[in-house]
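Report on one structure; see the data block that follows.
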Amino acid sequence: MQHIDSITAEPIVAAKVWCIAEFCSQHRLDGKEQAKLTALFGEFATISELVHNVTRRSRSR
């Protein structure tokens, strides 16, 4: 019987990193929001970090 280490058996998944300027342009965020995200993370951040830190605008008519 062979012992398999669970840490080495799991695949390593790389996190997708986005350029904050590109993320803001694709999601139509203003310069103020882009400046806030850049101050928090620098030039790059993971998609999870960006999505969870964007201020949502109300969509009322």
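We did not get these values from a lab; they are worked out from the coordinates using the rules stated. None of the values given here were measured: they were computed from a predicted structure. Neighbour counts run over all protein chains shown; Cβ positions are idealised from the backbone, glycine included.
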Could you work out the relative contact order of region 16-58? I mean the mean sequence separation of Cα pairs under 8 Å and 6+ apart, divided by the number of residues, in percent.
50 percent
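Could you sort 46-57, 16-27 so that the peptide with the highest average Cβ count within 10 Å comes first and the rest follow in order?
In descending order of packing, they fall as 16-27, 46-57.
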